[in-house]
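Trainee: Before I ask anything, here is the structure I am working with.
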Amino acid sequence: MTSNKTPDGEQDAALKKLLNEEKRRFFTRKKFWVFIGLGAAVGFFWFFRSGGKAEGPQYKTEAVVQGKLVVKVSATGNLQPMNRVDVGSELSGMITQVFVDNNDMVKAGQVLAQLDLSKLKDAVARSKADLLSAEAQVAQTKATAMEARAMLERYRQVSALSEGKVPSKSEMDAAEANLKRAEANEAVARASVVQAKANLQLGETDLSKASIRSPINGVVLTRNIEPGQTVAATFQAPVLFSLADDLSKMKLQVDVDEADVAQVKVGQQATFSVDAWPGRKYSGVLTRVDFGSQTKDGVVSYPTLLEVKNEDLSLRPGMTATAEIVTVTHESALLVPNAALRFSPAAAATRPQKPSGTVMSRLMPRPPSTQTKTRMPPQEGAPRVWVLRDGQAVPVEVQPGPTNGQVTEIVSGDLEPGMQVITEMLSAAS
């Protein structure tokens, strides 16, 4: 089969193919030189930009201010009445009546509950009978003693008239012995009267204790007894009621951590809050800081009491409160950030710096740096802050005072309000 193309058509096709190949080579060479030119331009730009300007450390600073410093210590505890009394029963028996309930206001001497009185009344009646019997025995022995005394007196008269002949000596001795026995029996009878009176008084006391009364003016917090229940006061009096004194004044016992107890003193003011009233602040005054410590879960703390006003009765016994005790208040204090006291150029220089610039610039070869290394002065034990002078970090020794965790008061040192202190080293400038 023969081709239909002519020799002239074959030449045209070959010429077109050659022209296309030359065109592709040209564009390929052009792209290469354009890429090389752009890379060279970027390299020269970076070289001249970085070569004419030396890199130096950059710092973050904050101003020294003069203002009010308030230092607080936080502690958590529970609210309790100023005076809480647990009322129990010294006697065993069955409760027949209960006259009060929770939240009832009571007065001192008011009857709260009543025990069964039947056995106690019987005991009192028996003691009264024993007392009457003892008193009758006294009268009987008294008469016997009077009879023996009269008999002895007659014997003595007869002996005097008979000049000692009668009665005989044995009869005189017997009369004297009878008188002494009668006087002794009278003394025993009188002692029995005293004992009977004591038993009667004891029975009457038990009868009065069967009426369980309130020892204070206050409110009933808890009632733990119901009519018909039996009270067994064997070794310890069971608690039947818990009473609280005036709830318009309460106490808050908090646990102050051992690290903060040196700052806490009697008379300091405090504020606290409870979960029942979010956003509301209550005030209190420290009245006692215990010397004795307590340990809970390995943490040593010291019980501290605050006196709290509760005039609207919004606070209730047992509520958990978080208190903030104001330990220091300085109206015009020279304050620096705590970060300035922690800052050290030598330590900051050892931190790895984050590489700056684009990916292309980091891939390109860098020229030698013209930056000169600054030797930092050796660190000493004295507290210091660092300030910028002519672009250099200069140490200033200071004497720090109290701190609230964010700023610290400077008691002495070459610092003035408005001066900029270094708090952090930033990445080096490029």
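The values are calculated or read from the model by the stated rules, or taken from the named source; none is laboratory data. All figures in this text were calculated on a predicted structure; none of them were measured in a lab. Glycine gets a Cβ as well: all are built from the backbone with ideal geometry, and neighbour counts include every protein chain shown. Note: accessible area is taken over every heavy atom of the protein model, side chains too, but ligands, DNA and RNA are not part of it. Shrake-Rupley method; radii C 1.70, N 1.55, O 1.52, S 1.80 Å.
Trainee: Per residue, how much accessible area does segment 388-430 show when a 1.4 Å probe rolls over the protein heavy atoms, in square angstrom? Intermediate values should be presented prior to the final figure.
Mentor: Values: 2440 Å² over 43 residues.
Heavy-atom SASA per residue in segment 388-430 reads 57 Å².
Trainee: What are the radius of gyration and Dmax of segment 166-317, computed over its Cα atoms and given in Å?
Mentor: For segment 166-317, the Cα-based Rg and Dmax read 31.8, 110 Å.
Trainee: I'd like to check one number: the per residue accessible area of segment 108-167, probe 1.4 Å, reported in Å² as a whole number. Intermediate results must be reported in sequence, preceding the final value.
Mentor: Working: 3960 Å² over 60 residues.
Ligands and nucleic acids excluded, the figure is 66 Å² per residue.
Trainee: Also, quick follow-up: Given the C-alpha centroids of segment 102-161 and segment 209-278, what is the distance between them in whole angstrom?
Mentor: 45 Å
Trainee: Where a Cα-Cα gap under 17 Å defines reach, which aspartates and glutamates qualify for Lys60, not counting those fewer than 8 residues away within the same chain?
Mentor: Within the straight-line limit of under 17 Å, Lys60 reaches these aspartates and glutamates: Asp390, Glu424.
Trainee: For segment 99-173, which whole percent of the accessible surface, found with a 1.4 angstrom probe, sits on carbon and sulfur atoms? Intermediate results must be reported in sequence, preceding the final value.
Mentor: Numbers: 2800 of 5150 Å².
About 54 percent, which is the carbon plus sulfur part of the accessible surface.
Trainee: Share of segment 204-311's accessible area from carbon and sulfur, percent, 1.4 Å?
Mentor: Summing carbon and sulfur atoms, their accessible area is 50 percent of the total for segment 204-311.
Trainee: Whole number in Å², please: accessible area per residue of segment 195-244, 1.4 Å probe, ligands, DNA and RNA not counted. Mind dumping the intermediate values first?
Mentor: Working: 2720 Å² over 50 residues.
About 54 Å² of surface per residue is accessible.
Trainee: Just flag the GluC sites (Glu not before Pro) in segment 246-312 sitting in loop per DSSP whose Cβ has no more than 10 other Cβ atoms within 10 Å.
Mentor: Working: sites: Glu258, Glu307, Glu311; in loops: Glu258, Glu311.
Sparse-neighbourhood loop GluC sites (Glu not before Pro): Glu311.
Trainee: Right, something else. In the structure displayed, which of Lys68/Lys251; Lys107/Lys281; Lys209/Lys309; Lys142/Lys209; Lys142/Lys197 lie more than 27 Å apart, Cα to Cα? Intermediate results must be reported in sequence, preceding the final value.
Mentor: Details: Lys68/Lys251 30 Å; Lys107/Lys281 32 Å; Lys209/Lys309 35 Å; Lys142/Lys209 37 Å; Lys142/Lys197 19 Å.
The pairs that break the limit, which is 27 Å between Cα atoms, are Lys68/Lys251; Lys107/Lys281; Lys209/Lys309; Lys142/Lys209.
Trainee: Then there's this: Evaluate E = 1/(1 + (r/R0)^6) for Ala346 and Ala125, where r is the Cβ-Cβ distance and R0 equals 56 Å; express this FRET efficiency to the nearest 0.05.
Mentor: Details: r = 97 Å, r/R0 = 1.74.
That pair, Ala346 with Ala125, gives E of 0.05.
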